[in-house]
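A short write-up of the structure that comes next.
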Amino acid sequence: MFVVHLIQRARFQCRGLVAWIFVGIIAYGFACQVPVFRFALERWEADSYTLVIVPGSQGELSADEEAVAAFLQSRGSADGPAPNVNVEIDAETVGEGTRASMALSYPLNGVGADAPPIWHGPLIMENARGLVDSPARREIVARLLKGESAVWVMVESGDEEKDEAAATEIEKAFLKAESELKIPDGVLTVEEAPESPDGDSDDVLRSSIPLKIDFSFIRISRDDPAEAIFREMLLHMEDDLEDFMNEPMVFPVFGRGRALEPLIGRGINSKNVFEHASYFCGACSCEIKNQNPGVDLLIAANWEAAIAGSEVAVEKSLPPLMGIGALNDGEGTSADGETGNSFLSLWLIAGIGMVLVLGSILILRKEAR
């Protein structure tokens, strides 16, 4: 019986191995070598928040409130980079107080249509400015555009001992990540791409921003008024975060301000931080952005301008960010209308994988007789 158990276990492991080989082949065929953090920065547009303005009990906005609404609606075209927010005025609803109010909601792609607003307050200029901008968010943008892989935002607990312990673990993980993790092989820089006209466009960077493995973190206190609305964006990412207000939380932010769910309290340890860092630095699977973890933050930044002028012209157009299932939607063609070599190679790889699986099944059936 023991021998039979070993044989059955071996067959199970063989089936599992074949399955993982098949999955690995397919994943390799669809992956590009650009690391996740850089792919997200250059190719994932930030989802937009929704801000709904409701007039006060008089049913219309005052002159001052009109000015605030205009500031929010025109932000970016007049005096700064555009934040990822859509502003709506709900003229059919009348507020209970004399002042107009506004309510901010996450992007629908991040949390769903039924999620309650994450912040609401009076429609005044102070709130409007704090909604679209803050010192921490400006610093995040500056660091990401300098090439940092991710910026970790730590919302402090207020307990100095806990906060310092968390900071120590984060820094320890950063040192390990920056010494052990490597940029995937095969990535082409802006300078290298013209010398490799036959290179896969998936592996070509779109900007001259330095490509490096580099992490840093920012600390935000629980009572900093300048970051009040930004904190609400972070602290509503999960329903139960209010239960951990006495613990430090750290939110890794990458790409164009995409934040992952936080590590909390004892979960902020060097092992967990390193695992997150490994995800950011691994080759991108090129799936649809919103099938990846995280929620985009509301940030005023002109991301496109940061990479403009350095985008590499390639013969093949970049494929959409898609998963394997999206292949059924069409046959991908190159710019000249002929079937693209990249598409054919993907199906060739898939075919080889299927042959391996079928062959292994036949072998296992013969062994079972």
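Summary of values
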item: Using alpha carbons only: equivalent-ellipsoid semi-axes of region 49-131, gyration tensor based, whole Å; result: 20, 18, 10
item: Interchain or long-range residues, amide H under 5 Å from Val153's placed H; result: Ile218, Phe251, Val253
item: Hz values of 3J(HN,Hα) by residue in region 35-45 - Karplus curve (6.51, -1.76, 1.60), Gly and Pro given as x; result: x, 3, 5, 7, 4, 5, 5, 8, 10, 9, 6
item: Segments 247-255, 84-92, 204-212, 178-186 sorted - mean Cβ within 10 Å per residue, highest first; result: 247-255, 204-212, 84-92, 178-186
item: Residue pairs, from the table Lys176/Lys289; Lys162/Lys182; Lys176/Lys212; Lys162/Lys212, whose Cα atoms sit over 22 Å apart; result: Lys176/Lys289; Lys162/Lys182; Lys162/Lys212
item: Residues Lys289, Lys176 arranged by fewest to most Cβ contacts within 10 Å; result: Lys176, Lys289
item: Residue exposure sequence - Ile220, Ile124 - by fewest surrounding Cβ within 10 Å; result: Ile124, Ile220
item: Contact order relative to length of region 49-131, as percent, for alpha carbon pairs under 8 angstrom and 6 or more apart; result: 42
item: Model label zone, Ala82; criterion: amide N under 18 Å from point 7 Å along Cα-to-beta-carbon; scope region 96-110; result: 107-108
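Since every read-out is calculated from the coordinates, none of them should be taken as a lab result. Everything quoted here is computed from the prediction, not taken from an experiment. Counting neighbours? That spans all protein chains shown, and the Cβs are built from the backbone with ideal geometry, glycine included.
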